[in-house]
Amino acid sequence: MRTIISGGLIGSSGGAYRADVAIEDGKIHQIGCDLAPGDHTIAAGECILLPGGVDVHTHLDAPSLGMVSADDFRSGTIAAACGGTTTIIDFCQQEHGKSLAAGIEKWDNKASGKAAIDYGYHMMVVDLTDSVFEELARLPQQGIPSFKLFMAFKGGAMIDDLTLVRALDQAKRSGGLVMVHAENGDAAHLLQQRFLERGLRQPIHHALSRPARIEAEATARAIALAEVVGAPIYIVHVSCKEALEEVVRGKMRGAPVIAETCTQYLYLVQEDLDRPDFEGAKFVFTPPPRTIEDQANLWRALANNLLETVSSDHSSTNFRGQKDNGREDFTLIPNGLPGIEERLTMLYQGVVQGKITLDQFVDLSATRPARTFGLYPRKGAIAVGADADLVVFDPDVKWTIKQERLHHGVDYSAYEGQEVRGRVRDVLLRGKVIVEGGQYVGKPGEGEFVQRAAYGTPQ
Ligand SMILES: [Zn+2]
């Protein structure tokens, strides 16, 4: 079976160009002009042909505060596909007192038979005993070369500096990459308690109890500890100028720091948590959204290649029946927001508005995430020999983001009413059309687990 995608502008981190693409056996077989016809032709016309999006930060079917995400692997990955993402790396959670292997088995059960796109795991480590450290050392060989640790959430997943530095040292020796949620958990906890004592319990107090300096302090500390042991470190969801400054300072010293921001920090602000009728709860996630000035700083950082990835941190709980739980106390609002489907389109608005180039958009949404997490060159670029994960993206369609147009399983979009330009038309996963004209036409379960290469493997 040979499929030809003809006439599109091929998006690439190294510059766009016009060519046809031939697909055979699920791989990109040829790129060129006037290719021999295939069994099937997709005319790309005036569309851009993008490498399938790689979203390296999602939480599907994940437990939180005694609840479980609104999206499981079925609805979450169908939404991802419709939004132009063909690979996710989901956070596989260790449970307190249990092994990492038990967490992986649980995640395999959640994903298999349901995933509409390819997926890998990061290991979310919450209980670092000596035996867990031994398991951690073997994870890169199992195709899971990244582990996430939390410097926040006191009394829950929060770890101390000794544990962090041990994990960094371990990762360095075994080809792993430590990812950190960087916020000073002690300070956040103290501020939270102060608000609760004073009876200040609204969604906005979630944001006010986690000021930018709390994030910046932990970011600086994490980078310094990584530097001390000479290990690479990945800072997840950088939200503000203060944390960004620490990332840039680290890079200037030569510290091996890689940093991510997420769609929501480019578009949402702290005031969103103050929306009436408890609507602010829809925007309770951690770190909280900041200011317009922070957004401008993040866009400039993306334009100057100071941040490597833009992820969704998709972590969906319903406004009704889940976020509701915290009506009387913001600390009981499950954290997180949906965005797996909106990510690509929202980031593309940066191209429309001239904030980033098309090349940077491709790099941030697909190529760099794939390179950072051991998926490249199989994923993340349109190149001969790569998986034929492709998105036919119409850059001229104007539309409005509305809940009823989305495919996720949660009851709201954080970007409701946003007028945008550019829309995903067709999506191919390993050569097979899974989205056609914006509608999902695939079969849940055809997504496969992807073994990723150890960090630092030559690409
Ligand atoms: Zn997350």
Exercise for review: Over all alpha-carbon pairs in the stretch 22-133, figure out the percentage whose distance exceeds 19 Å.
Suggested key: 57
Exercise for review: In Å and from the alpha-carbon atoms only, list the Rg and Dmax of the stretch 69-202.
Suggested key: 17.1, 51
Check your understanding: What is the distance in Å between the Cα centres of the stretch 121-142 and the stretch 422-459?
Key -> 27
Check your understanding: How large are Rg and Dmax for the stretch 53-372 when only the alpha carbon atoms are used, in Å?
Key -> 18.3, 51
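Kirkwood hydrodynamic radius for the stretch 136-261: how many Å is it when counted over pairs of different Cα atoms? Working shown, then result.
Details: mean 1/r = 0.0662 Å⁻¹.
Across the stretch 136-261, the inverse of the average 1/r is 15.1 Å.
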Point to revise | Over the stretch 253-412, volume per residue of the alpha carbon convex hull, in Å³ | key: 154
Practice item. Give me the number: length gained by fully extending residue 17 to residue 39, i.e. 0.36 nm times residue separation minus the C-alpha to C-alpha distance, one decimal in nm. Key: 5.5 nm
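For an R0 of 35 angstrom, estimate the FRET efficiency from the Cβ-Cβ distance between residue 446 and residue 251 and round to the nearest 0.05.
On the way: r = 39 Å, r/R0 = 1.13.
About 0.35, to the nearest 0.05.
All other residues with a Cβ under 12 Å from the Cβ of residue 335 taken together, and with Lys, Arg as +1 and Asp, Glu as -1, what is their net charge?
Details: positive: 210, 282, 323; negative: 183, 313.
Neighbourhood net charge equals +1.
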Revision key, fill the gap. Probe 1.4 Å, heavy atoms of protein chains only: per residue, the accessible area of the stretch 53-372 in Å² is 33
Review point. For the stretch 201-282, what size does the Cα cloud have along each of its three principal axes, sorted from largest down, in whole Å?
Key: 49, 23, 16
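Quickly estimate the mean residue ellipticity at 222 nm for the chain, helices only: each DSSP H run with n ≥ 4 gives -39500 (n - 2.57), and the total goes over all residues, rounded to 500.
Numbers: 13 runs with 132 residues, N = 459.
Helix contribution divided over all residues of the chain: -8500 deg cm²/dmol.
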Point to revise | Unit Cα scatterers, Debye sum, the stretch 356-459: log10 I(q)/I(0) for q = 0.15 Å⁻¹ | key: -0.82
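Lys and Arg at +1, Asp and Glu at -1: add these up for the other residues within a Cβ distance under 12 Å of residue 435 and post the number. Intermediate results must be reported in sequence, preceding the final value.
On the way: positive: 423, 425, 432; negative: 341, 389, 426, 436.
Neighbour charge sum, excluding residue 435 itself: -1.
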Point to revise | Part-to-part distance (alpha-carbon centres) for the stretch 225-260 and the stretch 266-320, which is given in Å | key: 20
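Work through the residues other than residue 148 whose Cβ is under 12 Å from its Cβ and net out their charges, Lys, Arg +1 and Asp, Glu -1.
On the way: positive: none; negative: 90, 260, 313.
Overall, the nearby charge balance is -3.
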Revision key, fill the gap. HN-Hα couplings for the stretch 46-54 via Karplus (6.51, -1.76, 1.60; θ = phi - 60°), in whole Hz with x for Gly/Pro, come out as 8, 7, 9, 9, 10, x, x, x, 10
**Study point:** Peptides ranked, highest mean first, by Cβ atoms within 10 Å: ranges 119-130, 355-366
**Key:** 355-366, 119-130
Review point. To the nearest 10 square angstrom, what accessible area does residue 282 show with a 1.4 Å probe?
Key: 30
Practice item. Mind ranking 266-274, 342-350, 313-321, 31-39 by how tightly packed they are, going by the mean number of other C-beta atoms within 10 angstrom, highest first? Key: 342-350, 313-321, 266-274, 31-39
Review point. Roughly how many percent of the accessible protein surface of the stretch 32-73 is carbon and sulfur, given a 1.4 Å probe and a whole-percent answer?
Key: 56
Review point. Which of the peptides 333-340, 254-261 is most tightly packed, and how do the rest follow, judged by the mean count of other Cβ atoms within 10 Å per residue?
Key: 333-340, 254-261
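The values are calculated or read from the model by the stated rules, or taken from the named source; none is laboratory data. On a predicted model such as this, the values are computed, not experimentally measured, just so you know. Glycine also receives a Cβ, built like all others from the backbone with ideal geometry; neighbour counts cover every protein chain displayed. Just so you know, the surface numbers come from the protein's heavy atoms only, side chains and all, with ligands and any DNA or RNA stripped out. Shrake-Rupley method; radii C 1.70, N 1.55, O 1.52, S 1.80 Å.
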